[in-house]
Each structure stands twice: as structure tokens, then as C-alpha cells.
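Scroll down for the structure; my scribbles are underneath it.
The values are calculated or read from the model by the stated rules, or taken from the named source; none is laboratory data. These numbers were taken from a predicted model, which means no experiment stands behind them. Using ideal geometry, Cβ is built from the backbone for each residue, glycine included, and neighbour counts are taken over all protein chains shown. Heads up: the accessible areas ignore ligands, DNA and RNA and are worked out on the full protein's heavy atoms, side chains in. Shrake-Rupley method; radii C 1.70, N 1.55, O 1.52, S 1.80 Å.
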There are 4 protein chains.
Amino acid sequence: MGANSFARLLIRCADQPGIVAAATTFLFQHGANITELDQHSTDPSGGRFFMRLEFQTPKLDLGRRALEQAFDQAVASRFAMDWHISYAADRPRMAVLVSAHDHAALELLWRWRRGELAVDIPCVLSNHDKLREAVEGFGLRFHHVPQDSPVQREQAEQRMLDILGDQADFLVLARYMRILSPAFVARYPSRIINIHHSFLPAFVGADPYRQAYERGVKIIGATAHYVTADLDQGPIIEQDTARVSHSDEIDDLRRLGRDLERQVLARAVRWHVEDRIIVDGNKTIVFD
Amino acid sequence: MGANSFARLLIRCADQPGIVAAATTFLFQHGANITELDQHSTDPSGGRFFMRLEFQTPKLDLGRRALEQAFDQAVASRFAMDWHISYAADRPRMAVLVSAHDHAALELLWRWRRGELAVDIPCVLSNHDKLREAVEGFGLRFHHVPQDSPVQREQAEQRMLDILGDQADFLVLARYMRILSPAFVARYPSRIINIHHSFLPAFVGADPYRQAYERGVKIIGATAHYVTADLDQGPIIEQDTARVSHSDEIDDLRRLGRDLERQVLARAVRWHVEDRIIVDGNKTIVFD
Amino acid sequence: MGANSFARLLIRCADQPGIVAAATTFLFQHGANITELDQHSTDPSGGRFFMRLEFQTPKLDLGRRALEQAFDQAVASRFAMDWHISYAADRPRMAVLVSAHDHAALELLWRWRRGELAVDIPCVLSNHDKLREAVEGFGLRFHHVPQDSPVQREQAEQRMLDILGDQADFLVLARYMRILSPAFVARYPSRIINIHHSFLPAFVGADPYRQAYERGVKIIGATAHYVTADLDQGPIIEQDTARVSHSDEIDDLRRLGRDLERQVLARAVRWHVEDRIIVDGNKTIVFD
Amino acid sequence: MGANSFARLLIRCADQPGIVAAATTFLFQHGANITELDQHSTDPSGGRFFMRLEFQTPKLDLGRRALEQAFDQAVASRFAMDWHISYAADRPRMAVLVSAHDHAALELLWRWRRGELAVDIPCVLSNHDKLREAVEGFGLRFHHVPQDSPVQREQAEQRMLDILGDQADFLVLARYMRILSPAFVARYPSRIINIHHSFLPAFVGADPYRQAYERGVKIIGATAHYVTADLDQGPIIEQDTARVSHSDEIDDLRRLGRDLERQVLARAVRWHVEDRIIVDGNKTIVFD
């Protein structure tokens, strides 16, 4: 049995009795062996219900399309579910956007090369040409799309959309220092992950390490979140923090912060790839 | 609807298809609304399966005994389950054993008085008389059972068993510095929680902070575990660590360690009380 | 030699060559054995310099007053130092202000009773009468100073100042939910420690756990800081964080946060008591 | 003034009054501006004393050799100090030994290429040929020195010593899975850093993640230490830990552990390079 012979069912609906029973009974009857089951309810009385099931596929009695039709009729329509199934054999396609700081992007490429990230990478886009050699060293395509002033944004974003075409299932902003337009963001709803170098909601905007230094915090942080039209306000996926002291200068904060950013972004991307995240309004459910 | 109108079903059996469907369908059909569901399988092919369900009880169509008989016939016998249901309305009864260090025991009493620990406390037992006033200040019964030499152990343990009678569902060793005999431990299988002041398996036995100091570790820890006949070898429930440096003397390690011990023990006891722990051989499954 | 036979010298001045040599040579020549030395410079060229020395006092060749005069003439005046010496034998006097949540205040009282906090406690002040019994159980004086509306503030603060008189060297706001007036704060400059239940600067103001819950953060925090005239803007002394998830309700955040608040406040107070903190503008130097 | 215009003085001697005064006065008189000063005493009465001073060198009135002679005569001989001065301009030379797991070695190379590690790297040695391409991609020399059975050890070690010659100031075992002979270790006393994939002293020896899994710990760790003749018993430099749960399989522990190993090793190497570590018997003083 192959390592990729499994799938994940994600469900979102109004909470009501019988959902778990219906979904698990359906899978059982069609030969799927459930190996992980996580569920969350915002409130058993009238709240929203979320579930993630991971199940083995070799003994399924139906093909993909037939299984999905059967599920829709037998279960999903009854509970008015928003749902989808993803198959581990289908590797999601991740495009990376980066500016001049390479640590976050290289962390992803390096994990990808080691086989730790089950994605395909159609390309890396950057408003600088600086990382071309490093990226091409991984055997990946690199596109330099300059954007030196806000007035170039529309044109630069159009060029990026042209390059991306339909090759990317989701985007990662690995220290991409340009603000994407709402129109661009709308093309990838809940499918753009950004790493922000502070523990949001503290220190939104530019140069958060300087802001942290000037406020005299004793802890710095990093936050991975989905990008929405509001800068640094999207649903938070993951955060982590590290201790600092009065003896740490801004450059020390940046150095310590880089390690945080790499770890936090890597975790967030892995969870996204494994379909462990459900967006609920401006929050995330993470079944890790 | 009362805050205690819920129950928990814990299940352990050989992994096999259909368990989740059967259990959730049963509860659904009898009017139980499932609010938490956690499951774990050591291996979908031939492994051991564990599940914890938390469900609301006000709309159940059967009383406790009838529900349990029905579950046994309809579900448990079919899968050869080891199972039990606990009801939040039944507060477990916790006896505390302590020696001269008061921090771990007082942390539990203080949380109990604030309503953070849903237990009844029949008594506190100690081989010292030192904490009598502090314990009685909480309105609790305190028993001094001296045990100054190993030869007194049999007699002291018999006296403790006499005092405890059938008043305690589980025991907590909150820095109790006497080794319990296998015969005593056998009276409370997987129902004695100890706090050990190191990150086990490092530094078993006496004076772990001195051992840690002499080894020059940069991290100290604390471990809560169930007590078995083998000293410091029982199933680990929870652990935590804290950084130390060359400038910390043994007394600093003890001071920092006390804070760890209090936190780790409090978490372990809460999980035990909420039936979140399943012992699997020499490990624990913790559905926190 | 008594446990309290040591003193601490704190120095602040413009950075310039020779400060460490001058101060340590002075102490050496007068029989003081230096056991700890920490220093910090914001910039060796034109920055501000800070130093803390801990030294043993039994072999000093001068009494307190003579030593201080000699230091002033021989060293401090030469470098235009702002400095003071505190003696471990002089226990600082800490008054505690608290509202209805008892966990932070009781943590301090409990550590004080165990001998972990080397302070005297002249009294506990509260705008509620709820904690009277708990506080008096420690043998401490409790004063209920109601302040049910903003218009009562002036009168309530005057009453607190009357009660405090000159009995308190510093105040701790252990979840005191009234905003002190700038005039009151000015009476205790850099001598009022507050515990705020968020990782500042995130979630200033009221009900930070609700704010954190609504933002969907994956980490909560607590911050101890000196109180200034600007709410939640004073110099940060200590912070810590804990992980939370989508399954944590607001009350879970409050429960987890209480443990953070207790730890963070206890550390900040200990550092203050041991003269380990120097305020530098809106930041702190903490020589822990 | 260049970024490398500073030096570090490390001192070890019996504790006695006047050491700090003598050393800082000497540096002051010769035009060195002290920017960092850390000291540690195991016991002010008869203990061992350690100090690290970082000072700027542009205004020194003497050259290196003359300064060192003057210090020896004026200060070091008086206190019977074991001491040395290192100059930031002299980059230490680090050789890396690695087997088949690449993560720890690549983390160091990657930080080196970004300028985060101020070392020169004469070569990478491996008992596998697997990492040749990755290492040579950094423009570094790679040597494959097979050692497939214990009987080959003497010959393999001799070949490594021949390759190293006097090119390396210290060695890093970045998951090098062969045990070095005492004779080899003796060539680099306190100058071989190993990363062990557990929180020592727990789980010495082979496959610590399997040991951790089988013991059922709730925390895993990594330890960087200096290598001595006793396996996994050398002075600990740095440790860190991460939480795991019952749902983590051995491969999850390995994955989480890799991130710990990378971070812990990188910190230990940086401290070694910046001369922040003093070995004291089987412990380390780390002035970080």
C-alpha cells in the first residue's frame, strides 16, 4: 500500500446531532478506514461544526467521483455541509513570493528538497533579482518582477498573474515586502500565507523588530496568517515567541526573529498542505 | 441545563473498521449530543484503538444503568471493548500524600478552593506533622502518619489504608518522599499520580536537582506520572522544562523547579479528573 | 556570616572609559568582595551606561554613611553618576492592591509566607471586600477602599494614600482593576508594578482575553510593567506566553492566563526586590 | 572603525578580591574600551572565578604581543590566571564531520554563507559520499573517508587527521555517527562540538528518538556538548526541548527533533566562535 493511499475529508456546517455518526458510517460502509478524526464545535447549541477525517483509500468500493457524489447525496445535503475531499496523491502546487531576505524562502525550498514538504513548486517570484542563483540552484524557475514604486503595482501584479496562470494552488509570501492589492488577494482566497515578523496584533506594518526594540518588549514573535485585503489582519495560522533582553540590539532581534520566522512559516505551510486548516471567519481551526 | 450535565465515554479495543461509526451512532440514537471526540490508533492495521467522547446528557432517553447495558450489548461486546462512562456530576475523590515540601500540595488545595479542580478531598496524609496548620486552614482533614525508617513502612502503609478506607478514588503524591510498597501501589492501579522533580528518565531517584546541577544541564524539568511498582518508571502523564544557566546554584534550580512542579502536577491532576488520560502499557494517551 | 550580609550598588551614567575599573577598585580597596557584576551600555560611544554590583559587606572598613560619602567623592562625582546602594538586611516594604480576582495577589502572599519574597507587607488594599478573609488568614492587614464610580476616584485614592502613609516602598497592582490617577502614580515613580493580562503592546485596555479570543491568536501572554501616567504604556519588566488553540474558549484563556500572570508577576516582583531592574526611559534593564 | 575591531579576554583563576578591578584597570590604562563584561564565581570563598571581557581595540596603546606580555606581568601572574585573548579579526577555522543525515551540517553551511557564522570552513568530512554534491554546491571541499566497520577506525581517523593537518581550530560533529577514539579526541580538547539528539543525560547512545518513543516522554530534546573520551558525557553547552504527544510516531519525533538539533547546534557553535564558553571540569560557563 503506497504512502499516498489516503485522503482527507473536511466538513463545515451548522452544529446538530448526528453529523459524526453519519460521516463515519458512510466512510465505513464504503471501505474507508479512518485513521485520524478531529472535530470542533463553536457551540453545541446553534454553533458551527468542523470536522477533518483522514482515511485510507485502497479498499474503497467506489472511485473518486462516485464516492463524492454518494457522499453528497447521503450525507452532505442532509446537513447542508460545506465540504471537500483532498487526496494525498495530488500534491498541491505552491508558488513562493520573496523580496531580498532569503531565510524564509530558503527554509521552504530546503525542506521541499529533503522531502519534508509534499508540494510541487512551479516557480519563485521576486521583486528583486538577488535570489536568482540560490533558487535556480534548487532546479526551480525564478522570475524577477520589479516593482519599485506603488504606481507599478498594477502592472507587476498582472505580470505575476500571467506567470502563475493556473499553475499554483496557493502562494506563500516568504518575506515579500510589497502589499498585494485586494484584487490580487481575491484571486487566492484563504490561499495566500504570509509570515509577519511580530506576534500579531502587536507591531503591524513596517519594521516590527524596530517597533519591538523601541517598545522594550521582553519577547519577540512571528506570525503566519492568511492574507486578506486588510494588511496584517487576516486569520492567524501559527505563532511562536522567543525571549530577548535589554542587551539585544535591533540586529539581535532580527537574528533571533529569523529563526522564529523560519519555524513558524514551515509549520503553517505543512498544515496547509496537509489540509489541516479550516478558516472560520477571521480565525482558523488547526487540526494538527 | 447544569454545568455538570455531561458525561465522558472512554473506549479501548483492537483497531478495526466501524468503531467510531458504531459509537457515535449509538449515542446519537439515544439523544446524546457529542461535544468532544478524540481518538487515537497505534496502527490502523492490527493496532490498539482509543477513543474519548464527551457528550451532553439532558436529552438521553435512558437512565445511567440502562444506557450502559444498551451500549454494552449494542456496541462494546461487538468490538470487545474495554470501556467506561464517567459523569461530570460525580466528583472524584482525591487524597493527597505529602512530606515536608508544601508547594505542590498547596498548589492543589489552592486550585481546589478556587473551584479549578472538580474533586472532593477526603484527607491529606503526611509523614511529617509540619503542614497540619496549613491543611486544616483549608477546612480539610490532616493525618500525620510517621514513617521514620524503612522498617516502619508496612505499619505506616496499613495505617494509611485504614484511614483511606474506600474514601479515595485516586491519590496524589505531592512531593511524598517515601517509596510506596508494590502491595500498596497495587491497591490503586493507574490511580496514584506522582510529581518527580526532573525530566524523566533523566535523574531518577533521590535529589534530582543536585544530580542536574552536577551534570551541568542547561534545562531542568518536572514529570508527572502514574506510580507503578518500579520507582520513577511509571507511565508519564505530563512534563515541562525551564532554562537554567551556570549562574544558577542548586537552590536556584530548586526554586525554579518548584514552579515547574506546581504547573505540571496541576495539569496532570486536571486531566485525570476530567478522564482525559488512558494508560496504554507504560505510556499514556492524553486527550487534552 | 549572615545571609543578609551583602549589598547592591546600582549605577547609571554616560558611558565613558574607566567606570568599571573605578567602581571595582573602590570596592576592593574598602574590603567589599564582589560576587555579581552586570553591566550594560546602550552604545560605547556616547551611550548610557548601567551597572549592578552585588558585594559582601562583613569586611567593609567603613560604615554605611561613610562608605557612601567616600564613593560619592572618589567615584560617583567624577563620572556624574546617578547611583544608590541597597542593603539586603533592609527588607523593602510592599503594599498590594487587588480587586476581585485573587490569584495574582495570593501568589505573592503565598511566596512571601514561604520566605521566597524578602519583603515586609504593611497592608493589602482592595476596592472589594471579597478577599478580606483570605488576606487576614496570612496575618496581614486588609483595607477595603470602595471605588464604584470614577467620581469617587479622587477620594478613594486619598484614602489609600492616608492608609499607606510612608509605610510602603513600592506597590504591586495584582489585578487591580481601577485606573490610578497621574497624581497618585507620581507619588511612586517606577515603584508601582502592574500585571497586565496580555503580551503588551497587544490588547491594551479592558478584557484582553476576550480581545485575544476574538482576534484568534495562537499564543496568549502576560506582562509585568511599571505604571506610568499612560495606561499600559509603562516600561516592561517581564513577559511570558503560552500556546492556545481553536478549542480554547475565553474561559480557557483566562485559566491558562492566570498561571502566566502568577509566574510573570512573581518574577518581576522578585527582581524589583533584589534591585535587579533599572528603568531607562520607557525600557528596563533587568540584570537577572 | 571596522566591525572586527574588538577582542575578547577570557580569564580563569581562583576567586580572590581585586580581580575585576585589576583586569579592568589594566585595559582602561591601555586604551581598551570595555563593551561587555561577564563574570562568574563558583564560590566567593575559595571558589573558581571566570571572566569574559569584550573590548574595542582601535585605541590600544600597544600591539598584540606587547599587550599580552604586559597583561601577563601586570595582572595574570599576580592572580595565577589561566587566560587568553582572541581577536575578532581572526576567524576561527571550523571543520564539519557528518554522516548521512544532512540537516545539522546544512544548517551550519547555510548560516555560514549568509554571514551569520564568522568562521572559515577548510573542509567537510564524511563517512558517506552522499552529501558531496550539496557541500560542493557551497564551494567547499568535501572528503569521503569511509569507515564501515570498527576495525577501520584507526585508519579512517588517521586519514582524517592527515586531511585536517593544522587547518582546523575546532571540529563540529553534525550528526556524525561514528564514535571517535580517545586518541583522536585528545587532539582537539574542548574543541569538538557534538549535537546529540536527546536531552542528555536521558537517552545516551544509539537511536534516542526510538528510546524516547518507547519511554513515552511528553518532551523531546537536543543537546550540544563538547566531546570527551566518554560517549555523550562531555560538558553540555546548550539544550532545548519541544512538546510531543501520544499521536507522534517515531518519525514525527525525528522530524520535530531535526528542528531542535539545528537550532541548538547553531547556538552552540556561535557561542564557541565568539569565545563565550569556558569549560570548567565537566560543566560549561556560557556568557551569552
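At a glance:
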| read-out | value |
| --- | --- |
| Per-residue mean of C-beta atoms belonging to partner chains within 10 Å, peptide A:34-46 | 5 |
| Separation between Cα centres of region B:1-33 and region B:240-288, rounded to whole Å | 30 |
| For B:V227, net neighbour charge (Lys/Arg +1, Asp/Glu -1) across residues whose Cβ lies under 14 Å away | +1 |
| Interface residues in region C:223-248 - accessible area drops by 50 Å² or more relative to the isolated chain, probe 1.4 Å | C:I236, C:Q239, C:R243, C:H246 |
| Pairwise FRET efficiency - B:R93 versus D:A100, Cβ, R0 = 51 Å, nearest 0.05 | 0.40 |
| Cross-link pairs B:K130/B:K218; B:K218/D:K218; A:K59/B:K59; A:K218/C:K218 - those with Cα-Cα distance over 26 Å | B:K130/B:K218; A:K59/B:K59 |
| Other protein chain Cβ atoms within 10 Å, averaged over every residue that makes up D:11-17 | 2 |
| Cα gyration tensor, region B:72-156 - rounded (a/c under 1.5), prolate or oblate | oblate |
| With DNA, RNA and ligands ignored, accessible area of B:R187 (1.4 Å probe; Å², nearest 10) | 140 |
| Taking chain C and dividing mean pair separation by its residue count, relative contact order in percent (alpha carbons under 8 Å, at least six apart) | 15 |
| Fraction of beta bridges assigned by DSSP in chain C that are antiparallel (%, nearest 5) | 75 |
| Portion, in percent, of the accessible area of the protein assembly as shown that falls on carbon or sulfur, probe 1.4 Å | 48 |
| Using a 7 Å Cα-to-Cβ projection, A:S181 label spacings across copies, nm, ascending | 5.6, 7.1, 8.3 |
| Interface burial for C against B (accessible surface, 1.4 Å probe, total of both chains, Å², rounded to 100) | 1400 |
| Region A:73-161, relative contact order in percent, only Cα pairs under 8 angstrom and at least six apart counted | 23 |
| Accessible surface ranking that places the most exposed of A:S86, B:S247 first, with a 1.4 angstrom probe | B:S247, A:S86 |
| Neighbourhood net charge (9 Å Cβ-Cβ; Lys/Arg +1, Asp/Glu -1) for B:R8 | -2 |
| B:T228 - accessible surface, heavy atoms, 1.4 Å probe, Å² rounded to 10 | 50 |
| Inter-copy label distances at B:Q211 (7 Å, Cα→Cβ; nm, one decimal) | 1.3, 4.6, 4.7 |
| Fraction of antiparallel bridges per DSSP, the protein assembly as shown only, in percent to nearest 5 | 75 |
| Order of exposure, largest accessible area first, which applies to B:K130, B:K218 with probe 1.4 Å | B:K130, B:K218 |
| Solvent-accessible surface (1.4 angstrom probe) belonging to A:V20, in square angstrom, nearest 10 | 10 |
| Three-way shape call for chain B based on the alpha-carbon gyration tensor, with the a/c threshold at 1.5 | prolate |
| Helix axis angle, A:19-29 relative to chain A longest principal axis, alpha carbon, degrees | 70 |
| Loop-located chymotrypsin sites (Phe, Trp or Tyr not before Pro) in region C:168-210 whose Cβ has at most 12 other Cβ within 10 Å (DSSP) | none |
| Whether region A:118-211 is rounded, prolate or oblate, judged on the alpha carbon gyration tensor where a/c under 1.5 counts as rounded | rounded |
| Teacher prompt: A:R48 distances to equivalent labels in other copies, 7 Å Cα→Cβ, nm | 3.8, 4.7, 6.0 |
| Crossing angle, helix B:250-273 versus chain B [Cα axis fit, 0-90 degrees, rounded to tens] | 20 |
| Cα centroid of region B:146-187 to Cα centroid of region C:38-61, whole Å | 54 |
| Peptide B:55-61 - average C-beta neighbours from other chains (10 Å radius) | 1 |
| C:D120 versus D:A14: modelled label distance in nm, points set 7 Å from Cα along the beta carbon direction | 4.2 |
| Using alpha-carbon coordinates, inclination of helix B:153-164 to the longest axis of chain B, degrees | 50 |
| Distance (nanometres) between label positions extended 7 Å along Cα→Cβ at C:R210 and B:E136 | 4.5 |
| Alpha-carbon centroid distance for the pair region D:128-142 / region D:75-120, whole angstrom | 20 |
